[in-house]
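Okay, so here's the structure we're looking at.
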Amino acid sequence: MRNPPGDTALNARRRSRELTALGDGESIDLLVVGGGVTGAGIALDAASRGLRTVLVERRDLAWGTSRWSSKLVHGGLRYLSSGNVGIAHESAVERGILLARTAPHLVRPVPQVVPVLADTGMYQRNLIRAGFLAGDVLRRSAGTSAALLPRSRRVSAAEVTRLAPTVRRQDLRGGLVAWDGQLVDDARLVVTIARTAAGYGAKILTRVAASDVTGSSATLTDELTGEQLSVRARTVINATGVWAAEVDSSIALRPSRGTHLVFSAEAFGGLNASLTVPVPGTTSRFVFAFPAAHGRVYLGLTDEEADRDVPDVPQATPGEIDFLLDTINTVLREPLRHSDIRGTFAGLRPLLDTGSAATADLSRQHAIRISDNGLITVVGGKLTTYRQMAEEAVDAAVAHGSLIAQPCRSRDLPLAGAGSAAELDAVPAPTRLIHRYGTDASSVLAVSDTSLLRPVADGIDVSRAEFSFAMSHEGALDADDLLDRRSRIGLVAADRERALPAAREAVERNCANES
């Protein structure tokens, strides 16, 4: 797979240089406000079409909703139950693109297993089986081969307990298995997209706030120095997610909160699949527990209406925590307790307010709006379909701004570190690093100081070299960036505390190297 044509390294030195160029009046075809998965995807799409592109983010890449997802690349099955065939097909297509072409190093197939117990009604069992078969049809229609995502099937009780060892064996009648995609981490996807965009010439500027935003201008403030500059662009896209209404007051959003719990892998006995459990009393809602990085398991997902005043970091509510525990415990041999929870996280979905009674009924379809002053806003959608959203947003910008641009190329542009199976197998690095960095894993290990190969703390599978690489290549500027987004150590408060000294040391070392 080919690499981006230019330098993909994001760091403080590059940020300073590119901010200076903006202050000198450099021309901009497209200004993107917002550094989540949608904004980063737009920057990559635009820059790869030859547009002079600048992305500004007032905090860090993947600061908002993009780091609070389920870390799953859904094939759209859940949307079929509500009749949203178009969204389902789009999701399946985009899942296949990520798995096979653009990010095979970051997205891997994962089995999802639904235990069938004695009290599982025949109607529900047949409904789930029918849904999985429909998922097979979606996969085929999207052009994804069964060699990459196997067909769904019935499995024995022994196979269920192999995949999910803590499932209750008594009255277990077997299970149903289907396959989906799983990200090694959502924030890492965003950072990798942004790095790839930089390789195609986009300026990726974090800690830069945009105010007084119109369809052709904005005031930018360097949050590190307080310096301001006014910029003009031929087009501007608002990709700020749940904060979109703060940039464009004509947008009406109705946020929905999705909450997850974090457990140690031991609590699930070494989970080898996404354990998928129907919510009692429903026919199309599920919670799922799935293995994650750093020896963890994430359990989610809720869909609760959230306050319209958007917090910087959403919090799980006691009711959501109880709901998730109660649901997963319906299939477990030994119930999980509050004391087993190591952390929680919650994200807000930026759903358009259409007047539906419940947020669960609001469409997950993305929308692109152009305000009276020409500002283009993209909202809604899902992490899985970020590329399609970006393509349509850039198409709108090209048409609205009469820009001269090449056709969209993002369907076939590998992200930084992507490689074929053979190329990834040939990388001289541990598998866990290849899953996080792909072919860049060897660059992470290329350090002159071998002490950097030590873990950041005992029992945490992140090395000091990874922190160093995050500072030199992934745009991290402080310890929070390292702990909460370049790695996900920060999801467990106790782990964060233990790794904090190494993170501060990495920042100090980087500052010394750049001075």
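The values are calculated or read from the model by the stated rules, or taken from the named source; none is laboratory data. Just so we're clear, the structure is a prediction, and the values are computed from it rather than from any experiment. Don't worry about glycine lacking a Cβ; one is built from the backbone with ideal geometry, like all the others, and counts go over all protein chains shown.
A compact table of results
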{"read-out": "Unmet requirement for D440, which otherwise passes all of (1) acidic (D, E); (2) in a helix (DSSP H, G or I); (3) under 30 Å from R169 (Cα atoms)", "value": "(3)"}
{"read-out": "Residue identified as within 21 Å of L375 (Cβ to Cβ), small (G, A, S), crowded, with 22+ Cβ neighbours inside 10 Å and over 23 Å from the mean Cα position of the chain (by Cα) among A244, A239, A233", "value": "A233"}
{"read-out": "Those residues of segment 492-515 which are more than 11 Å from V456 (Cβ to Cβ), in contact (Cβ under 8 Å) with a residue 40 or more places away in the chain and of a type in the set (D, E), in sequence order", "value": "E514"}
{"read-out": "Breaking point among (1) surrounded by fewer than 22 Cβ atoms within 10 Å (Cβ to Cβ); (2) under 26 Å from I97 (Cβ atoms); (3) touching a residue at least 12 places away in the same chain (Cβ under 8 Å); (4) not charged (D, E, K, R), for G417", "value": "(1)"}
{"read-out": "Meets criteria (surrounded by fewer than 24 Cβ atoms within 10 Å (Cβ to Cβ), over 20 Å from the mean Cα position of the chain (by Cα), at negative phi and among the small types (G, A, S)) for A118", "value": "yes"}
{"read-out": "Check on L482, assigned by TED's automatic domain parsing to the domain that holds E505 and without any contact (Cβ under 8 Å) to a residue 60 or more places away in the chain", "value": "yes"}
{"read-out": "Helices (runs of 4 or more DSSP H) (entirely within segment 37-101) containing at least 2 residues that are modelled with pLDDT of 95 or more and at negative phi", "value": "37-48, 85-97"}
{"read-out": "Check on D372, surrounded by fewer than 17 Cβ atoms within 10 Å (Cβ to Cβ), assigned by TED's automatic domain parsing to the domain that holds V32 and part of a helix (DSSP H, G or I)", "value": "no"}
{"read-out": "Scan of segment 438-462 for residues that are over 11 Å from R486 (Cβ atoms), surrounded by 15 or more Cβ atoms within 10 Å (Cβ to Cβ) and touching a residue at least 24 places away in the same chain (Cβ under 8 Å), ordered by number", "value": "G438, T439, D440, A441, S443, V444, V456, A457, I460, D461"}
{"read-out": "For P150: the one exception among (1) part of a helix (DSSP H, G or I); (2) in contact (Cβ under 8 Å) with a residue 24 or more places away in the chain", "value": "(1)"}
{"read-out": "Matching strands (runs of 3 or more DSSP E) fully within segment 271-356 where at least 1 residues are more than 21 Å from D185 (Cα to Cα) and of a type in the set (F, W, Y)", "value": "286-292"}
{"read-out": "Hits in segment 2-36 - residues which are in a helix (DSSP H, G or I) and over 13 Å from R232 (Cα atoms)", "value": "A12, R13, R14, R15, S16, R17, E18, L19, T20, A21"}
{"read-out": "Residue among R464, R454, R387 that alone is within 30 Å of L31 (Cα to Cα), of a type in the set (D, E, K, R) and modelled with pLDDT of 95 or more", "value": "R387"}
{"read-out": "Enumeration of residues in segment 153-164 that are in a strand (DSSP E or B) and within 18 Å of G181 (Cα to Cα)", "value": "R153"}
{"read-out": "Qualifying residue in segment 303-321 (condition: crowded, with 16+ Cβ neighbours inside 10 Å, β-branched (V, I, T), more than 23 Å from R67 (Cβ to Cβ) and not assigned by TED's automatic domain parsing to the domain that holds K382)", "value": "no"}
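Yes/no matrix, rows are residues, columns are (1) in the same structural domain as Y200 (by TED's automatic domain parsing); (2) out of contact with any Lys or Arg (no Cβ under 8 Å at 6 or more places or on another chain); (3) within 22 Å of G241 (Cα to Cα):
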| position | (1), (2), (3) |
| --- | --- |
| N3 | no, yes, no |
| A21 | yes, no, no |
| G25 | yes, yes, no |
| G34 | yes, yes, yes |
| V37 | yes, yes, yes |
| V54 | yes, no, yes |
| E90 | no, yes, yes |
| A100 | no, yes, no |
